[in-house]
Amino acid sequence: MTNSTTSSVSNSTSSAATNKATDASRKGSLAAFKGLLPFLLPYRRQFFLAAIALVVAAGATLTIPYAFKQMIDRGFGAAAGAGVGSIQHVDATFLALFGVATVLALATAARFFTVSWLGERVTADIRSAVYAHVVNQSPEFFETTQTGEVLSRITTDTTLIQAVVGTSISMALRNILLFVGGLVMLFFTSVKLSSIILALLVMVVVPIVLFGRRVRKLSRDSQDRIADASAMAGEILNAMPTVQAFTHEHIESMRFGAPVESAFQTAMKRIRARSLLTMVAIVMVFGTIVFVLWLGAHAVLAGTMTGGDLGQFILYASIVAGSIGALSEVMGEAQRAAGATERLLELLAVRSNIQSPTAPLALPARAANGAALALRDVTFKYPSRPDTAALSRLSLTIKPGETVAVVGPSGAGKTTLFQLFLRFYDPQS
């Protein structure tokens with residue numbers, strides 16, 4: 001048997017991560033959530049129930065401003081001429097409002113329970129799927145991917161997705177319904193004022209979209225830095241006997257501080273961007289509302305609009321403004337989770353290099369005293385050291401029933417040989 005002696009392969013994992021995001025996925029935004037559909041579709045019934053509760057809650061919310069208009073115009077407005085009727089109308093209006101509030105409370109509770117269950121269930125399914133996929137990878141994957149990075153994706157990234165599925169999606173749909181419904185009722189109340197407010201609100205969307213893209217990029221960078229820190233921590237903790245043998249505890253603590261500080265600085269960039277996004281959205285939205293309400297107050301004084309109409313317009317405008325502000329917050333969370341989703345989908349897209357042949361050859365008949373094993377001119381290089389051959393043109397034949405001892409110095413390739421026997425790796429030639 002011929003074998004070339006090579007240096008041993010280091011047991012420490014490489015810091016290079018596998019399967020970097022493609023340019024297309026980096027340029028994408030919320031499209032990354034399409035990859036979650038296989039985990040969401042099994043729970044269509046729960047999504048349908050949550051949608052019903054969502055619509056009922058939004059409808060109840062949109063009913064309240066109209067009730068206030070009726071109370072002001074037909075109750076307080078008629079108080080001077082018809083006191084008893086006015087009081088009865090106010091009583092009936094407040095009784096109706098209490099009923100609406102009860103419906104709103106029940107629908108909101110049902111929505112919260114359903115979407116929270118969905119968030120927990122879908123996250124558990126994703127974690128199980130990612131873990132099952134990872135444990136079926138070849139040893140090459142674990143040699144080129146740090147364990148801490150994988151753990152970060154299974155824990156931190158799935159937690160972000162849980163927040164989106166369990167909260168953000170519901171909040172986004174709720175505020176979209178409130179925005180659309182409130183906008184329709186604004187036009188129903190005053191076409192002129194609503195046209196002005198709609199034209200001004202278009203100016204609000206542009207900065208939200210622009211800042212949203214930056215928040216998403218910073219969110220992904222933040223998750224990458226956290227994964228780097230987790231990977232380094234895993235590497236250090238797995239080698240603690242060696243660290244302590246060289247009394248490098250302080251050195252390793254200082255070395256770990258670098259990726260932690262990098263993660264903090266990246267997170268601060270994301271926080272500043274989100275803070276600026278929130279500030280711009282609130283200032284522009286409520287500035288628009290104040291300007292339009294100033295016009296409405298002049299319309300009431302001129303007699304072209306009733307006090308009830310203005311009150312109704314104020315409440316619907318507040319609903320629309322609040323929904324836009326909430327959507328900006330939800331968008332920030334969604335952009336952050338989009339980066340986490342991309343990272344998880346990248347991990348799920350990894351395929352093991354050890355694959356069964358499409359047309360396997362039939363094994364020869366097994367001898368009575370055992371099977372034979374033969375290698376012919378086998379050359380193998382570890383993925384983490386592609387320039388150094390662990391085995392070079394190795395030929396070996398072991399006959400049935402034969403006992404063979406593999407002897408050699410450390411790094412000669414003894415362990416590598418048995419790893420090839422177990423097909424942990426495929427040789428290059």
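Identify, among THR403, ALA334, VAL290, the residue whose Cα sits farthest towards the positive end of the charge dipole of the stretch 270-429, taking +1 on the Cβ of Lys and Arg and -1 on the Cβ of Asp and Glu, with the dipole about the Cα centre.
Farthest along the dipole direction, towards plus: THR403.
Can you tell me the orientation of helix 169-189 relative to the chain, as the angle in degrees between its alpha-carbon axis and the longest Cα principal axis, to the nearest 10?
20
Could you give the radius of gyration (one decimal) and Dmax (whole number) of the Cα atoms in the stretch 190-348, in Å?
When restricted to Cα atoms, the stretch 190-348 yields Rg and Dmax of 24.7, 88 Å.
On the Cα set of the stretch 114-189, report Rg and Dmax in Å, please.
Rg and Dmax of the stretch 114-189, Cα atoms, are 19.3, 67 Å.
Under the √(5λ) rule applied to the eigenvalues of the Cα gyration tensor, what semi-axes describe the equivalent ellipsoid of the stretch 38-174? Give them in Å, descending. Walk me through the numbers before you get to the answer.
Values: eigenvalues 567, 32, 15 Å².
So the three semi-axes of the stretch 38-174 are 53, 13, 9 Å.
Work out, step by step, the length gained on full extension between SER116 and ALA96: first 0.36 nm times the residue separation, then minus their alpha carbon distance; give nm to one decimal. Please list the in-between numbers first.
On the way: separation 20, 0.36 × 20 = 7.20 nm, distance 3.00 nm.
Difference between extended and current length: 4.2 nm.
Two decimals is fine: what is log10 I(q)/I(0) at q = 0.12, 0.16, 0.19 Å⁻¹ for the stretch 280-429, from a Debye sum with one equal scatterer on every Cα and no solvent?
-0.77, -1.01, -1.19
I need the phi-derived Karplus couplings for the stretch 124-133: 6.51 cos²θ - 1.76 cosθ + 1.60, θ = phi - 60°, integer Hz, Gly and Pro marked x.
4, 5, 5, 4, 5, 5, 5, 5, 4, 5
When only DSSP loop residues count, what trypsin sites (Lys or Arg not before Pro) in the stretch 313-398 have their Cβ near at most 10 other Cβ atoms within 10 Å?
Details: sites: ARG336, ARG343, ARG351, ARG366, ARG376, LYS381, ARG393; in loops: ARG351, ARG366.
For trypsin sites (Lys or Arg not before Pro) across the stretch 313-398 that sit outside H, G, I, E and B with at most 10 neighbouring Cβ atoms in 10 Å, the list reads ARG366.
Skipping prolines and chain starts, which residues have an amide H placed within reach, meaning under 5 Å, of the one on LEU391, given they are 5 or more residues away or on another chain?
Those qualifying (amide H under 5 Å, at least 5 residues apart or on another chain) are PHE380.
Quick one: give the max-minus-min coordinate of the C-alpha atoms of the stretch 23-349 along each principal axis, largest first, in Å.
Principal axes ranked by extent give 93, 39, 37 Å for the Cα atoms.
Run the numbers for ASP426 and HIS133: contour at 0.36 nm per residue of separation, minus the present Cα-Cα distance, in nm. Before the final figure, lay out each step's value.
Numbers: separation 293, 0.36 × 293 = 105.48 nm, distance 1.99 nm.
Full-extension gain reported as 103.5 nm.
Note down the nm distance, to one decimal, between modelled labels 7 Å out along Cα→Cβ at VAL205 and at THR415.
Between VAL205 and THR415, the label points sit 6.0 nm apart.
Fewest first, what order do SER323, SER128 take by the number of other Cβ atoms within 10 Å?
Values: SER323 26, SER128 11.
Listed from fewest to most nearby Cβ atoms, that is SER128, SER323.
Any idea what the relative contact order of the stretch 345-429 is, in percent, if you count C-alpha pairs under 8 Å spaced at least 6 apart?
It rounds to 29 percent for the stretch 345-429.
With a Förster radius of 30 Å, plug the Cβ-Cβ distance of HIS298 and ILE176 into 1/(1 + (r/R0)^6) and report the FRET value to the nearest 0.05.
Numbers: r = 32 Å, r/R0 = 1.06.
Using R0 = 30 Å, I get an efficiency of 0.40.
Cα centroid distance between the stretch 280-339 and the stretch 117-167, in Å?
The stretch 280-339 and the stretch 117-167 have Cα centres spaced 40 Å from each other.
Grab the Cα-Cα distance for THR379 and THR242, subtract it from 0.36 nm times how many residues apart they are, and report the gain in nm with one decimal. Walk me through the numbers on the way to the answer.
On the way: separation 137, 0.36 × 137 = 49.32 nm, distance 3.19 nm.
Length difference between fully extended and current span is 46.1 nm.
Quick one: LEU193, LEU276, LEU348, fewest Cβ neighbours within 10 Å first, how do they rank?
LEU276, LEU348, LEU193
Sort LEU41, LEU200, LEU327 so that the residue with the fewest other Cβ atoms within 10 Å of its own Cβ comes first and the one with the most comes last.
Numbers: LEU41 9, LEU200 16, LEU327 21.
Going from least to most buried by this count: LEU41, LEU200, LEU327.
Note down the net charge around ILE52, summing +1 for each Lys or Arg and -1 for each Asp or Glu among other residues with Cβ under 12 Å from its Cβ.
With Lys, Arg at +1 and Asp, Glu at -1, the neighbours total +2.
Can you give the calculated 222 nm mean residue ellipticity of the chain, where each DSSP H run of n ≥ 4 adds -39,500 (n - 2.57) and the sum is split over every residue, rounded to the nearest 500 deg cm²/dmol? Write out the running numbers ahead of the final one.
Working: 13 runs with 287 residues, N = 429.
Value at 222 nm, helices only: -23500 deg cm²/dmol.
Using Cα-Cα distances under 8 Å and only pairs 6 or more residues apart, what relative contact order does the chain have, in percent?
Values: 532 pairs, mean separation 123.8, N = 429.
Computed over the chain, the figure is 29 percent.
Based on Cβ point charges of +1 for Lys and Arg and -1 for Asp and Glu, what charge dipole magnitude is obtained for the chain about its Cα centre, in debye rounded to the nearest 20? Provide the component values of the computation, followed by the final result.
On the way: 36 positive and 25 negative charges, 137 e Å.
About 660 debye.
Quick note: the coordinates plus some simple rules give every number you see, no bench work behind them. What you see is a predicted model, and the numbers here were worked out from it, not measured in a lab. Ideal geometry is used to build each Cβ from the backbone, glycine not excepted, and the neighbour counts take in all protein chains shown.
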